[in-house]
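Structure, as structure tokens:
Every read-out reported here was derived from the displayed coordinates using simple, explicitly stated rules and does not represent laboratory data. In this text, all values refer to a predicted model and were calculated from it rather than measured experimentally. So basically every Cβ, Gly included, is an ideal-geometry build from the backbone, and we count neighbours across all protein chains shown.
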Amino acid sequence: MPDSMTIRETLFAGGELVRANGDDALTVRNPFDRSVLGRAPACGRADVDRAVRAARAAFDDGPWPRLPPGERGDWIDRLADEIERNAAHSAALVTDEIGQPATVAGYMNGIRPVQHLRYYARLARTLSGEEERVNVDREGSSLHLRRPLGVAALIVPWNHPQSSTTLKLGPALAAGCVVVIKPAPESPLDIFSLADAARAIGLPPGVINIVTGGAETGRALVSHPGVDKVAFTGSTAAGRDIASVAGARLIPATLELGGKSAAILLDDADLDVVVGSLRTASFGNTGQNCVALSRILVPESRYPRVVDALVDLARDLRMGDPKDPRTEVGPLVSERALARVTEMVGAAAAAGAAVHTRETPAPTGGCFFTPRVITGAAPDSPIAQEEIFGPAVTVHPYRDLDEGVRIANATGYGLAGAVYGADEERALAVARRVHTGSIGVNGYRPDLGSPFGGVKDSGLGREFGPDAIENYRESTSVFR
């Protein structure tokens, strides 16, 4: 834990750290020992208005949207350089904020944000804002223009705060948009490393702006008439609320929401490969991943052996201090999260499911929840249908592949998934039948170059890849 608390009293607007109006504040507790880590402003409407007005001025009158795309790419690279210089400090702060194991934080909130920005810096240099298209109805051609949308509100989650931010920030800046970022109330401290980086490189004022706060701050941002685009990652309930506001305003919204993803084991799946994959795909980041494979579907003939292997895995995962590089499972993000996961698993047990866990108790003092493997729960039960967001999986037998695919698809979500089998072509054929935004074969390893997002209750639109830049551009046709 840091020697002293981190106290933030400012928002970041127009290139300056500006004291927030009012005294309302977010208190951040370290979930490892429940101590107070720091505070940040709970920005009100006046603060949001100040940040949006700064962004609006930067877009309407500033240089950023008018720069050649290659110059924007150079700026994004410089931003990446500065973030890289301070990556270790940012990652350590994330570990303190949310209890994320240090090995996860070092990659997802240290290395990965730099990779995101460098990727979109490269793509920015290839962008064209004009394309000639041959007319269909008459001779000649027309001109297709692609221009930045304007001010983008980026509302990011707490579970990977730095990399979730750069996944939106990179394509937005490459497209020529300016942004107002609102981090989650659980992780409002680490975001200021981005403000520090922007100031250090002399980024034009108003290109990046930051407000901190909870749901009311987010609503004020999304509903502000100066915002032209919303990109949100978070819960489905919050996503619906944001979508309704964006819909009423007729502005585009990209929504990456919850998941309840299935891992389908085929009868020839290599169990060692499966267990090695699920160690991170199901339990990584203490199960607090929207793409977590939290439903394990197994052929009836292999069910007992697979359950035993998964229970052994859950018992083998190392719990403890998230700063210890050996720790795989840290605390849940908050007391509220711990209460929710405990209640969900308890309700499943009360309904007749068997809950398998280790005999050794969880570490005391923090928001710890020991990894669980749950059997005997019906595929349509709450524990198998609702997002757990903790280190717990349900295991379900299936009689044949048709039933396995039906169970995989019988959920309101559709974000991720995986199919495991020795015959890769057969596994791929099964993957094609699963209704989800992304799916892996013999593992789940998203790639930055391919679109990522959800279907059904898992969201709207896609991030990743060059396609993400188009989330932040609008189209104009010039007919000739």
Arrange ASP272, ASP190, ASP24 by Cβ neighbour counts within 10 Å, fewest through most, would you?
ASP272, ASP24, ASP190
In whole angstrom, note down how far apart the Cα centers of region 83-113 and region 424-480 are.
26
Among (i) 30, 27, 25; (ii) 38, 29, 19; (iii) 43, 30, 19, the entry derived from the coordinates for semi-axes √(5λ) of the Cα gyration tensor in Å
(ii)
Hits among lysines - C-alpha to C-alpha of LYS168 under 17 Å, sequence gap 8 or more where chains match:
LYS182, LYS229
Under-5 Å amide H pairs with PHE369, H placed in peptide plane, nonlocal only
LEU332
Using alpha-carbon pairs under 8 Å, 6+ residues apart, how would you state the relative contact order of the chain in percent?
18
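Which whole-number percent is the relative contact order of region 98-244 (Cα, under 8 Å, 6+ apart)?
Details: 201 pairs, mean separation 37.1, N = 147.
Relative contact order, region 98-244: 25 percent.
Express the relative contact order of region 311-427 as a whole percentage, based on alpha carbon pairs under 8 Å and six or more residues apart in sequence. If you can, show how the numbers build up before the last one.
Numbers: 137 pairs, mean separation 24.1, N = 117.
After rounding, I find 21 percent.
For region 1-86, which GluC sites (Glu not before Pro) are in a loop by DSSP, counting at most 14 other Cβ atoms within 10 Å?
Numbers: sites: GLU9, GLU16, GLU71, GLU82, GLU84; in loops: GLU9.
In loop regions of region 1-86 (DSSP not H, G, I, E or B), the sparsely surrounded GluC sites (Glu not before Pro) are GLU9.
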Hey, what angle do you get for helix 236-249 against the long axis of the chain, alpha-carbon based, 0 to 90 degrees rounded to 10?
30
Specify whether the C-alpha gyration tensor of region 289-328 places it in the rounded, prolate or oblate class, a ≥ b ≥ c being the square roots of the eigenvalues: rounded for a/c under 1.5, otherwise prolate if a/b is larger than b/c and oblate if not.
oblate
Order of ARG29, ARG279 from fewest to most other C-beta atoms within 10 Å?
ARG279, ARG29
Segment ASP423-ILE111, extension gain: residue separation times 0.36 nm, minus the distance between their alpha carbons:
108.9 nm
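In terms of the Cα gyration tensor, with a ≥ b ≥ c the square roots of its eigenvalues, is region 398-464 rounded because a/c is under 1.5, prolate because a/b exceeds b/c, or oblate? Don't skip to the end; give the middle numbers.
Values: a/c = 2.90, a/b = 1.29, b/c = 2.25.
It comes out oblate by the Cα gyration axes.
Taking all pairs of distinct Cα atoms, average 1/r, flip it, and tell me the Kirkwood hydrodynamic radius of region 261-447 in Å to one decimal place.
On the way: mean 1/r = 0.0609 Å⁻¹.
Across region 261-447, the inverse of the average 1/r is 16.4 Å.
Pull out the extension gain between GLU335 and ASP137, defined as 0.36 nm times the separation in residues minus the alpha carbon to alpha carbon distance; nm, one decimal.
In short, 64.9 nm is gained.
Please work out whether region 322-431 counts as rounded, prolate or oblate from its C-alpha gyration tensor, where a ≥ b ≥ c are the square roots of the eigenvalues and a/c under 1.5 means rounded, while otherwise a/b larger than b/c means prolate and anything else oblate? Show your work: numbers first, answer last.
Numbers: a/c = 2.22, a/b = 1.61, b/c = 1.39.
It comes out prolate by the Cα gyration axes.
Tell me the net charge near SER235. Cut-off is 14 Å between Cβ atoms, SER235 excluded, with +1 for each Lys or Arg and -1 for each Asp or Glu. Don't skip to the answer; put the middle values down first.
Numbers: positive: ARG240, LYS260, ARG336, ARG340; negative: GLU186, ASP241, GLU256, GLU386, GLU387, ASP457.
So the environment of SER235 carries a net charge of -2.
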How far is helix 192-201 tilted off the main Cα axis of the chain, in degrees rounded to 10, range 0 to 90?
40
Angle between the chain longest axis and helix 87-98 axis [Cα atoms, degrees, rounded to 10]
60
Check the straight Cα-Cα distances from LYS260 and name the lysines below 19 Å, setting aside those fewer than 8 residues away within the same chain.
LYS456
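For the chain, what does -39500 (n - 2.57) per DSSP helix run (n ≥ 4), summed and divided by total residues, give at 222 nm, in deg cm²/dmol to the nearest 500? Please report the intermediate quantities before stating the final value.
Details: 16 runs with 178 residues, N = 480.
One gets -11500 deg cm²/dmol as the mean residue ellipticity at 222 nm.
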Cross-link partners among aspartates and glutamates for LYS323, C-alpha distance below 14 Å, same-chain residues fewer than 8 apart left out?
ASP33, ASP96, GLU97
